[in-house]
Amino acid sequence: MNRIFRWVSQRLNLPPVLHHLLDEPIPGGASWIYIFGSVTLAVFISQAITGAFLALYYAPTPDHAYDSVQYIQTQVPFGAFVRGMHHWGASLMMIAIGLHMLQVYLYGAYKAPREPMWIVGIFLLVLTLTFGFTGYLLPWDQTAYWATQVGINLVGTVPWIGQPVAQVLRGGTELGAVTLNRFFAIHTLFLPWSIVILIAAHLFILRRVGAAGPWDEVKAKKVSEPFYPRQVFMDAVAIGAVFLGLFLVAFLFPAHLADRANPSDNTFRPVPEWYFLFYYQLLKYSTGRWEVVLTFVLPVAWFGLLFAIPFLGRRGDRAPTRRPVAMALGTVFLLVVFTLLGIAVKQTHSLVLSDPGAVRGRALYTKLSCEGCHRIHGTGAQVGPDLSYEGDKRDRDWLIQHFKDPQKITPGSIMPAYRLDETQLNALTQYMLSLKKK
Amino acid sequence: MSEVTRRGFLGRAIGGIAALIGLALAVPLAGYAILPAFKKKERPWSEVGPVDRLEVDAPKTFDVVISMQSGWMKSDSVRSVWAFRNKVGEVVTYSPICPHLGCAYQWDGEARQFRCPCHNSVFALNGQVISGPAPRPLDTLPEKVENGQLYVIFEEFKVGTPKKEVAG
């Protein structure tokens, strides 16, 4: 290995290149606080790799998208793992970016001469959020379909340009085949190129202006250490730990796949990914003409502020103690975001408890006109037994057998045997089991 | 043995971590990309029809619906099989593909022979080659009778070889 490297190194005259890449001085020396940028980059590379592999079996059409994802998840060896890596990797990327931005903000590292790096970084954040939004639709399950429906409709509420933009996003007036194909193309072709170019720009600027180092000028000037080996080592250990965590999560917690997208189902309540949850929660508090403030004014103002941050405040003062306003605003922002996130998670959790199977079962109960014979809490006829507390009386097996062949289980019953498929049978049973006193 | 420097040690540790991550990713990814290509396809039983529709020593073609699956995509296609009952009462089914080069052969009721129009291979009722270039007898298909219904597994075999081997 060493001999091969030496041979290549001699032929290509690598030492000056390596010197340039690895011996970049870090003011104040290597530190664990600087790992987040490298971790973000590593997770991005993992997303690019797992994403490319997912595309081996993914079909971006409404007819096949769901089946192909299900095929990946259940049939392909390691498919659940690869999809899990990509799914959880997306969340991990958001966390890594959040921590990276917090560190840069805390250290005042966005100040002159590093404004361009911060601005490119905000564009990278926007691209990453777009990755998240476009990727969310691809499994074409209920969550994907309805969350995207809401997301695009949000854009539609923006005055004047909203509707045309929403239409362009959808590729028409309805969310369908064209939308899925567009989101797939954006997610896998347009965004990757854009983000690679911007990452290169981000790193190029870093190398041109140099790492910021500690906010204490004296400390920064006292020690300087090359990037290699200690900082690279710290980055590698952090990346190793993060990947170990990601591997475990991908193995232990398979990415969720809800039911196939069903545009005619009006019982489904979509919830976005957790990193959009705080905003989703915020939208719940808006009504009428205030809505546009939240859907348009606030996001625009927010990203405007993010871009303006390097130009606000006094030049040169990087220590947090000398930036009380910046620190206070940052703290308030984090408090608001995490409070909203907390409320949203709590409410979403209680929502998940109302079993989607039972919800489908109730829809089926109505569709089959079961209330023509049965009564639940005062609604329906009294030809057959009252089902208000059926969940307390029967177990799953009994119900399933009963639906398959009522007379076999209850001789003399006049209930017809409905020809239900497995999913319908389970849904109806689930609904019956949910009918309990408490 | 050369002395291990601090720089050298860190360098190796970094390389080790990178190799571990790489390996932990490469093994599942390789399996993910490669293994499904070698997965044996399970061919389902296709229904031919009531077994009493078969005539003794008079082969007829019957259409069968084959449910095919390519990855996540399921599709039905219609193919045909030759089937009859021999004098002993056994059910015989033949693949409709000539084992020479894959043409569709026909039953000549007068001559009581199967004839392939492409290269003039001629087969007896029991499938044996009577004349022509066919390298092996007609290919029988796995068949079963359940509740009076005949089922076959529609398999395709390699053509042009003396040995009957499932294609693909």
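Here are the numbers for this structure:
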read-out	value
Residues satisfying the stated conditions in segment A:389-407, i.e. within 19 Å of residue A:421 (Cβ to Cβ) and among the aromatic types (Phe, Trp, Tyr)	A:403
Count - residues of segment A:37-52 that are under 19 Å from the mean Cα position of the chain (by Cα) and either crowded, with 20+ Cβ neighbours inside 10 Å or within 9 Å of another protein chain (Cβ to nearest Cβ) (or both)	10
Any helices (runs of 4 or more DSSP H) falling wholly within segment A:203-322 and containing at least 3 residues that are among the hydrophobic types (A, V, I, L, M, F, W, C) and under 20 Å from the mean Cα position of the chain (by Cα)	A:232-252, A:274-284
Every residue from segment A:401-414 that is surrounded by fewer than 18 Cβ atoms within 10 Å (Cβ to Cβ) and in contact with a helix residue (DSSP H, G or I) (Cβ under 9 Å, 6 or more places away or on another chain)	A:401, A:404, A:408, A:409, A:410, A:413, A:414
Unique match (being of a type outside the set (Ser, Thr, Tyr), free of Cβ contacts under 8 Å to residues at least 60 places away in the same chain and surrounded by 15 or more Cβ atoms within 10 Å (Cβ to Cβ)) among B:33, B:26	B:33
Some residue of segment A:153-171 being on the phi > 0 side of the Ramachandran plot and in contact with a Ser or Thr (Cβ under 7 Å, 6 or more places away or on another chain)	yes
Residue list for segment A:166-204, filter: under 19 Å from residue A:39 (Cβ atoms) and in contact with a helix residue (DSSP H, G or I) (Cβ under 9 Å, 6 or more places away or on another chain)	A:195, A:196, A:198, A:199, A:202, A:203
Scope segment A:65-95; condition touching a helix residue (DSSP H, G or I) at 6+ places or on another chain (Cβ under 7 Å) and not in a helix (DSSP H, G or I); matching residues	A:76, A:77, A:78
Residue list for segment A:233-258, filter: over 24 Å from residue A:50 (Cβ atoms) and of a type outside the set (Phe, Trp, Tyr)	A:234
Among residues of segment B:63-75, those that are more than 18 Å from residue A:68 (Cα to Cα) and either within 11 Å of another protein chain (Cβ to nearest Cβ) or free of Cβ contacts under 8 Å to residues at least 40 places away in the same chain (or both), counted	2
Of all residues making up segment A:135-160, the number that are polar (S, T, N, Q), within 22 Å of residue A:300 (Cβ to Cβ) and touching a residue at least 24 places away in the same chain (Cβ under 8 Å)	2
Meets criteria (away from every other protein chain (no Cβ under 13 Å), surrounded by 11 or more Cβ atoms within 10 Å (Cβ to Cβ) and in contact with a Phe, Trp or Tyr (Cβ under 6 Å, 6 or more places away or on another chain)) for residue B:54	yes
Output for segment A:27-36, where each listed residue is surrounded by fewer than 21 Cβ atoms within 10 Å (Cβ to Cβ) and either facing chain B (nearest Cβ under 9 Å) or not in a loop (DSSP other than H, G, I, E, B) (or both)	A:27, A:32, A:33
Residue within segment A:61-81 that is away from chain B (no Cβ under 11 Å), touching a residue at least 40 places away in the same chain (Cβ under 8 Å) and farther than 21 Å from residue B:40 by Cα present	yes
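Each value in this text was obtained by applying a stated rule to the coordinates, not by laboratory testing. Since we're looking at a predicted model, the values are computed, not measured. Glycine gets a Cβ as well: all are built from the backbone with ideal geometry, and neighbour counts include every protein chain shown.
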